[in-house]
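**Student:** First the structure, then my questions, so here it is.
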């Protein structure tokens, strides 16, 4: 084969490839043809259009009564004369809508522009949401939103995230459920991580037991919490939160005070006060310690209302001197002697914690006045017995003589005999008992109110 022949063969090969490329290009353009509807009758084209309705309208322009499109149950389209005297078949060509973005509607055979997405209206909007974990994106009212900024609030029991989300992806709808509601004591707006305090205090009514003792129970509760707050940042493809500041902490104080007042026959009373305090402190997550301290105070009140001996004891880590007991006594003048046990010689060192103060009540005051009233009653009974003894015999009547007469007395004054008959004054002496009762009432009032 000479050179001329080789050139001709190569040209034929190149021409063949060019023809194939052109045919492939035409095939592609033909495959991307827009939908076209054509009305035919007996092989004759009567009209075309972008939809069955449009094609029938064009085809029936020269027909009396015009044509309208009808879709059969098998999915085929026909043009029918409104007068009912003819039908024309409608066929579709092409494989896509003419305008990009339009959507084919099989119900009417038309290409329609879809309505704008509801999420386009919220594009760029931001909102805050509190969750128990960092979520990179959420579904908010059917539209996707992505995380922009997050702040963590942490307590010793739980943590929450105040996250800011933004609809920064236009037109992206979603159907996922929204995040579950935040749970835990950290599920509040972090703000400035302000501490919070809860307090309560209540006492029962005074009751008496079978032995005549007066009993009362008081409960006091306090709870303080200090949360910590820090920012979360997107670092190395992940959200990372710093250490919360200040460090989360809680303090719970639960105190129960039981008071027992025991009266004695001589009018004195003993008061026993038992205070049990439980303190729980947490610093950081899952780092808690609990200490229980019990203080017992015993005091004696004498029958005259003065303060008698007293003693105290303490158990637990909250005792200021490391535990032990003490007792003491005193007189009304303020002088007394006492001794302390459980304390080393010299000045004691500082305690490791503070014990809760004893809850105040009126038990000692009530017991003191009960004793004073009992004492006054005893004194009144004694005085009445004395007055009765003074007047006994002075007004004795001799009922055996057949008459009730007051006695007569004879005595000598300066050598002369004088006679005094009380019967001459019996009408006036009848009122004497009322005078004596009045004097007794005044004396009783002075005794009761003298303190």
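Each reported figure results from applying straightforward, stated rules to the coordinates on display, with no laboratory input. Worth saying up front: this structure is predicted, and the values here are computed from it rather than measured. A quick note on method: Cβ atoms are made from the backbone with ideal geometry, for glycine too, and the neighbour counts reach across all protein chains shown.
**Student:** If you average the C-alpha positions of region 127-172 and of region 40-73 separately, how far apart do those two centres end up, in angstrom?
**Tutor:** Cα centres, region 127-172 to region 40-73: 57 Å.
**Student:** Report the equivalent ellipsoid semi-axes for region 32-112 in whole Å, largest first, defined as the square roots of five times the eigenvalues of the gyration tensor built from alpha carbon atoms.
**Tutor:** The three semi-axes for region 32-112 are 23, 13, 11 Å.
**Student:** Show me 64-72, 208-216 ranked by packing, highest mean number of other Cβ atoms within 10 Å first.
**Tutor:** For the peptides 64-72, 208-216, the packing ranking is 64-72, 208-216.
**Student:** Taking every pair of distinct Cα atoms and averaging 1/r, then inverting, what Kirkwood hydrodynamic radius in Å comes out for region 88-193?
**Tutor:** Every distinct Cα pair counted, the radius reaches 17.0 Å.
**Student:** Report the Rg/Rh value for region 220-308, based on alpha-carbon coordinates and the Kirkwood definition of Rh.
**Tutor:** On the Cα set of region 220-308, Rg over Rh gives 1.42.
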